[in-house]
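Report on one structure; see the data block that follows.
No value in this document is a laboratory result; all are computed from the given coordinates. Remember, predicted model here, so these are calculated numbers, not experimental data. Cβ placement follows ideal geometry from the backbone for every residue including glycine, while neighbour counts extend to all protein chains displayed.
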Amino acid sequence: MNISDLFSQIFSGFGSFTWGNALMIAVGLVLIALAVIKEYEPVLLLPIGVGCILANLGMAVNMAEGACALPEQGFMTVLYCAGIKTELFPLLIFIGVGAMIDFSPLLAMPQMVVLGAAGQFGIYATLILATLLGFPMNEAASIGVIGAIDGPTAIFVASKLAPEMLGPIAVAAYSYMSLIPIIQPPVMRLMTTRKERLTRMEYAAKPVSKRALIIFPIVVVIVVSLVAPSAAPLIATLMLGNLLREAGVVDRLNKSAQNEIINVATLFLGLTIGATMTAAKFLQVETLMILALGLLAFVIDTVAGLLFGKLMYVISRGKINPLIGACGISAFPMAARLSAKMASDEDYDNFILMHAMGANTAGQLGSVVAGGLLLVLVAVFGGV
């Protein structure tokens, strides 16, 4: 081997490096900066940013048909085949999420289910709009589910319907989740009057028995699995985590679900999603449309929740604060905390956090069911 061959081998990476790769590395650095400096969803945006950089340095996921059956694969492709293509990582995350959720506010105020359902309207409105804009139904459904602001559900649905769009969909879902304190307040102020925001809600804590808390996740799994079978894996893992929490006899499993399991799954999920963000796939006009439509879905979900909150305000003759309607999305517990903060900003002694938590947990369930229904709709009408 002569000197020129030696140099060509040493610097071979530059041969396939393009301006697009450089731009995507910059995108990855921005995601890392947002995670480290601004602390915007750092647990996921940081590994996504790292994965994005690695993808554009020759370590991208091989998403070609049959790639998972190849005898030799890069480590990112191994993670993708093991955890994304099989939907394992989102489901493991849902076990951890379920272990963190306390459903007692929802069980104490079951009427909050209405707000959880209302918070999914934007998903279907955006599905229709994206279809009208020329997206195939499977892609339109994957874009619409961003509006639930539920990262694992968005990734689960997209991995089934449009795996080539995983990168921008995951970035949009988790970025908008971190931007809830910026995106939602203007909409909440626009949609409600100061008189409505000042509404005080009485909260006499209704005791929820341990038996009810244990029975609830089991009943939800049975009912949802029969009504929306496509959502069964999501709801089953969510409720498994919750059962670990409420049973009170498997403390080690409960703590593992809340810590090691969800943390490791989130790390590998973020790396793998980032590793799909190559210049060829991400630097397209379609990516900007996905981000814009995802934001629109989020805003419509918030507006629909607030409208139903205002309706409940009227029906209750001014006893329900419409702000809790904005909690019908899935971003638990950030959306609930934001609504409570906005109420207390208007009146320091106005405490609506527990009511907001009830609506927010209903939104978590609603987003899972909505994701399952999207899979059904695409299977029936979209030919997938």
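Some observations on this one:
- Taking other C-beta atoms within 10 angstrom as a stand-in for reagent exposure, Cys81, Cys52 fall in the order Cys81, Cys52, fewest first.
- Net +/- balance of residues flanking Glu346 in space, Cβ distance below 13 Å, scoring K and R +1, D and E -1: +2
- For the chain, the longest site-free run once trypsin sites (Lys or Arg not before Pro) in DSSP loop states with at most 12 other Cβ atoms within 10 Å are removed: 39-316
- Expected 222 nm ellipticity per residue - DSSP helices of 4 or more, -39500 (n - 2.57), all of the chain, to 500: -21000 deg cm²/dmol
- Positive dipole terminus of the chain, leading residue within Val369, Asn21, Gln111 (C-beta point charges): Gln111
- Residue with peak Gaussian network fluctuation, the chain [Cα springs, cutoff 10 Å], from Gly318, Gly134, Gly66: Gly66
- Shown here for the stretch 188-284: GluC sites (Glu not before Pro) in loop regions (DSSP other than H, G, I, E, B) with at most 11 other Cβ atoms within 10 Å, namely Glu202.
- Orphan Cys of the chain, criterion: no other Cys C-beta under 4.7 Å: Cys52, Cys327
- Footprinting exposure proxy for Val368, Val285, Val303 (fewest neighbouring C-beta atoms within 10 Å first): Val285, Val303, Val368
- Listing Thr272, Thr287, Thr237 from fewest to most neighbouring C-beta atoms within 10 Å gives Thr287, Thr237, Thr272.
- In a DSSP loop and with at most 15 other Cβ atoms within 10 Å, the chymotrypsin sites (Phe, Trp or Tyr not before Pro) in the stretch 304-384 are Tyr348, Phe351.
- Relative contact order %, the chain, counting alpha carbon pairs below 8 Å whose residues are six or more apart: 29 percent
- Local net charge near Gly371, Cβ-Cβ under 14 Å (Lys/Arg +1, Asp/Glu -1): -2
- A simple count of charges around Leu45, restricted to other residues whose Cβ falls under 11 Å of its Cβ and scoring Lys, Arg +1 and Asp, Glu -1, yields -1.
- Between Ala125, Ala275, Ala370, the residue with the greatest mean-square fluctuation in the GNM of the chain (Cα pairs under 10 Å linked by springs) is Ala125.
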